[in-house]
Amino acid sequence: MTETLNQLHVWCLGEEWCPITSTTTLIGKKWHPVIIHRLLEYGPSGFNELKRAVDGISSKVLSDSLEDLESKQLVSREIVNEKPVRVEYSLTKHGESLRPVIVSMRDWGTEYLAPAETPESSVV
């Protein structure tokens, strides 16, 4: 038996493109899909584990991104009662449900993107 997810509440004008823009608003920041991908790949992780897994992200940006993903109900934060006390991040059911989206993004990038010859020739 599969569990049904409650829908996330987003503001929308009701246009046919609204689900796309709303989803992009949830995961469209630079590091959000990468963080979600790492949590999908490695499972629940501590802050330092995630920082190592998301090469190139600063501690401040990771902290802000995790807070944003938590407020959007995609990531949960749990205090693990160990010595020393630590925080562990994991995907919520909504975050887990993004697996096909994140995998498709990875697969598309693998197939269609190549490294730029120079920084100036990059499309991003």
Return the long-range amide H neighbours of Ser76 (sequence gap of 5 or more, or a different chain), with a cut-off of under 5 Å between placed amide H atoms.
Ser90, Leu91, Thr92
Geometric extent, Cα atoms of the chain - Rg, Dmax (angstrom)
16.4, 51
Ignoring ligands, DNA and RNA, what accessible area per residue does the chain give at 1.4 Å, in Å²?
75 Å²
For the chain, with +1 on Lys and Arg beta carbons and -1 on Asp and Glu, the positive-most of Thr21, Trp108, Leu5 along the dipole:
Leu5
Among Asn81, Trp31, Pro44, whose Cα projects farthest towards the positive end of the dipole of region 28-124, with charges put on the beta-carbon of Lys, Arg (+1) and Asp, Glu (-1)?
Asn81
How large is the charge dipole for the chain, taken about the Cα centre, if only the Cβ atoms of Lys, Arg (+1) and Asp, Glu (-1) carry charge, to the nearest 20 debye?
380 debye
Of all accessible heavy-atom area on the chain, the percent that carbon and sulfur account for (1.4 Å):
54 percent
Counting only helical runs of four or more DSSP H residues, what would the 222 nm mean residue ellipticity of the chain come to if each run contributes -39,500 (n - 2.57) and the total is spread over all its residues?
-14000 deg cm²/dmol
Please count, across the chain, the pairs of lysine residues with Cα atoms under 22 Å apart that sit 8 or more places apart or on different chains.
13
Calculate one ³J(HN,Hα) per residue across region 112-120 by plugging θ = phi - 60° into the Karplus curve 6.51 cos²θ - 1.76 cosθ + 1.60, and present them in order as whole Hz with x for glycine and proline.
10, 10, 10, x, 6, 5, 9, x, 5
Under the Karplus relation with 6.51, -1.76 and 1.60 and θ = phi - 60°, whole-Hz ³J(HN,Hα) for region 70-75, x at Gly and Pro, equal 5, 5, 8, 6, 9, 10
Just the accessible area for Val123, please: 1.4 Å probe, Å², rounded to the nearest 10?
140 Å²
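The values are calculated or read from the model by the stated rules, or taken from the named source; none is laboratory data. Here the structure is a predicted model, which is why all the values come from computation and not from measurement. Glycine also receives a Cβ, built like all others from the backbone with ideal geometry; neighbour counts cover every protein chain displayed. Side chains included, ligands, DNA and RNA excluded: accessible areas come from the protein's heavy atoms. Shrake-Rupley method; radii C 1.70, N 1.55, O 1.52, S 1.80 Å.
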